[in-house]
Amino acid sequence: MRRAVVDVHRPPRWREWLDLATWCGGLGARWAERRLTMVGDRGGRIEVSTLWVQVGTATMTPARLTQQFLDAYGEAADGRRVTSRLWLGDPPVGAAADPWLVRAVDIDLLGHVNNAAYWAAVEEQIEPGTAFAHALLGRPHRAVMEYGPGIAAGDRVELLVDESDDHLSVWFTVDGTVQASATVVPLPGAAQAPG
């Protein structure tokens, strides 16, 4: 996965029934976008977009989408094209730095940090369910995660954190090099709650 974008229009509530729909949102030469919409029977609504890169099993490098893939998902993409260009920038000078311990349970079969573990680190910064939860969680928001080459077992990881009332950004670095990055911001185009 190269990128995940989660647009939370309204969080579903406990035991809310959700209808899910998924489809191919667009194609590139070596990647495809998967879209997922969750709509609840009590008003919950979340939209997810993930960009997946085709990897050749022999080389473990990006490879062209196969004809079999295009035959299965091309019609749903309906000619839409997507880019793998990164959205998030570099950390600002002076961003707060915190060590991040990579646990054995965070490592996937390829010896890298699992995608879900990155989200856990961001969630720890936001502190949902506590009195210190970030103000962004109380209104429609977008969370974006971009994955780089991967953090390996044994890497010493430092999180660089930049936050204010209207954003939280986290960069996962190893020896000063960004390996992944995330941001949580107000949902673009969503009406803001009165202050």
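A compact table of results
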| item | result |
| --- | --- |
| Cα→Cβ-extended label distance, 7 Å offset, between residue 133 and residue 42, nm | 1.4 |
| FRET efficiency for residue 164 and residue 10, using Cβ-Cβ distance with R0 set to 22 Å, rounded to 0.05 | 0.40 |
| Computed [θ] at 222 nm, deg cm²/dmol, the chain (DSSP H ≥ 4; -39,500 (n - 2.57); rounded to nearest 500) | -3500 deg cm²/dmol |
| The chain shape via C-alpha gyration tensor axes, a/c threshold 1.5 | oblate |
| Among 150, 25, 43, residue whose mean-square fluctuation peaks in a GNM of the chain (springs only between Cα atoms under 10 Å) | 43 |
| Neighbour-count order for 126, 107, fewest beta carbons within 10 angstrom listed first | 107, 126 |
| Ranking of 171, 87 by count of other Cβ atoms within 10 Å, fewest first | 87, 171 |
| Within a Gaussian network of the chain (alpha carbon springs, distance under 10 Å), most fluctuating of 58, 77, 95 | 58 |
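Read-outs throughout are calculated quantities, based only on the coordinates presented, and are distinct from any laboratory measurement. Because the structure is predicted, anything quoted here is derived from the model rather than measured. We place every Cβ from the backbone using ideal geometry, glycine too, and count neighbours over all the protein chains shown.
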